[in-house]
Amino acid sequence: MTALHLLTDEQLGNEIGLLIRDRVEPANPPAGVFLAIQDRLGSQEFDWSLSRLTGRLLPSEWRLPMFTGMIVKASAAVIVAIAIAAVLVFQGDDGDGSGTQQAAEPTATTVIVPEATPIAKLTVPDDLVLFGEMGGAPVSPNWAGGLRDTTLRTAASGNRLGPNASDEAVASLLAQQVKVWGFGVKRWQLLTYAPGIDPMANGHVYVADPEVNLGGSGGNKGNFTLSADDPRVINVEEFAFCDDGRGVYLQHSEKPVEVGETFAWDVYALPGEANDGTFHLVLTAEPNSPITYGGPDPKKIDIKTTAVDGVMISEIVEADIKMVGMLSSDPAIVKMCSN
């Protein structure tokens, strides 16, 4: 192999082309690779010549003496070739630079909000009753107790898994059940308590009604002992979730501008965490929505939640704050989601 540091730009280009054809299998880099390469390469005024790209992507410490560094150089050249090809494809460059559009150099104050497909708007019903007057739809006790059933002899049976099911299988089933049976076409009230307050300290927070047996209809079967009127509650939020991935704010005691705003939602669970009923609820607002969240992405929030005693508990550990989410079924929400 010819020593890379002795080649002209044209010769290096030919060498890289040969490496791509002879050594590199076609590949689709994962999402985010192109932007990461752009950010690495720099600002609007960056020199896009091949030698400049090689200088930025091939660190000087890789340029070892001949023979001892030959293998490393070959590998590095392949990496550089893939990176350059990926950047040019992403930019749409046809060779004359007319398709190149540079991303601005990120700064400490820059917030990058990913583009989102416009969400079909939901209209909040006019006939909503107070959340506390509807009764409660409890979360499944299987989520908190574990989805593995030691009495099963087969790998799976309905909504439970066999005793030898993997953590990955448990996480997948939990996310599916929470999404479909938990939030799907439901109202969700989220109460945030003052620092140091444990709303679960006084016993059960969900009380089942033994006279109500609605079977699989998804109706309300009991009541919650917690209330939004509790003076220890410092923030009250309420949402409605449709089973098509849309949701809408019904109430926000601290930011009323968000009421009536539609957002997208989804659920995922991680292996290991899911064994005790822990999952993640992700809410994503559109870029032009007044809905904002704290953290690195003001349009997206990931709420880590655990099913406990018929409700869902979330925590802000560093602030010693607990949040309790409670579900209810409401015919008005079913009608809203069908439109």
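The values are calculated or read from the model by the stated rules, or taken from the named source; none is laboratory data. Note that the structure is predicted; figures quoted are calculated from it, not measured. Every residue, glycine as well, gets a Cβ built from its backbone with ideal geometry; the counts of neighbours run over all protein chains shown.
Before moving on, here are some points about what is shown:
- Members of segment 172-193 found to be part of a helix (DSSP H, G or I), buried (at least 20 other Cβ atoms within 10 Å of the Cβ) and hydrophobic (A, V, I, L, M, F, W, C), listed by number: L173, L174, V178, F183
- Lone unmet requirement of (1) closer than 21 Å to I234 by Cα; (2) surrounded by 18 or more Cβ atoms within 10 Å (Cβ to Cβ) for T278: (1)
- Residue list for segment 310-339, restricted to those being under 26 Å from G196 (Cβ atoms), of a type in the set (D, E, K, R) and touching a strand residue (DSSP E or B) at 6+ places or on another chain (Cβ under 6 Å): E315, K322
- Close pairs from segment 311-322: first under 14 Å from N235 (Cα atoms), partner surrounded by 13 or more Cβ atoms within 10 Å (Cβ to Cβ) and of a type in the set (F, W, Y), Cβ under 7 Å, at least 6 apart: I321/Y193; K322/Y193
- Qualifying residues in segment 194-213 (those that are at pLDDT 90 or above and in a strand (DSSP E or B)) - the one surrounded by the fewest Cβ atoms within 10 Å (Cβ to Cβ): V207
Here is a yes/no grid of residues against (1) among the aliphatic types (A, V, I, L, M); (2) modelled with pLDDT of 90 or more:
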| site | (1), (2) |
| --- | --- |
| L128 | yes, yes |
| W143 | no, no |
| T150 | no, no |
| S157 | no, no |
| W188 | no, yes |
| G215 | no, no |
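- Close pairs (6 angstrom Cβ cut-off, 6 or more residues apart or separate chains): touching a residue at least 40 places away in the same chain (Cβ under 8 Å) in segment 289-309, among the aliphatic types (A, V, I, L, M) and part of a strand (DSSP E or B) anywhere: T306/I313
- On inspection, D320 passes the criterion of being more than 24 Å from Q177 (Cβ to Cβ) and either surrounded by fewer than 21 Cβ atoms within 10 Å (Cβ to Cβ) or of a type in the set (S, T, N, Q) (or both).
Residues are listed down the side, and each one gets a yes or a no for (1) crowded, with 18+ Cβ neighbours inside 10 Å; (2) basic (K, R); (3) at pLDDT below 95:
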| site | (1), (2), (3) |
| --- | --- |
| V233 | yes, no, no |
| E238 | yes, no, no |
| Y249 | yes, no, no |
| S253 | no, no, no |
| P271 | no, no, yes |
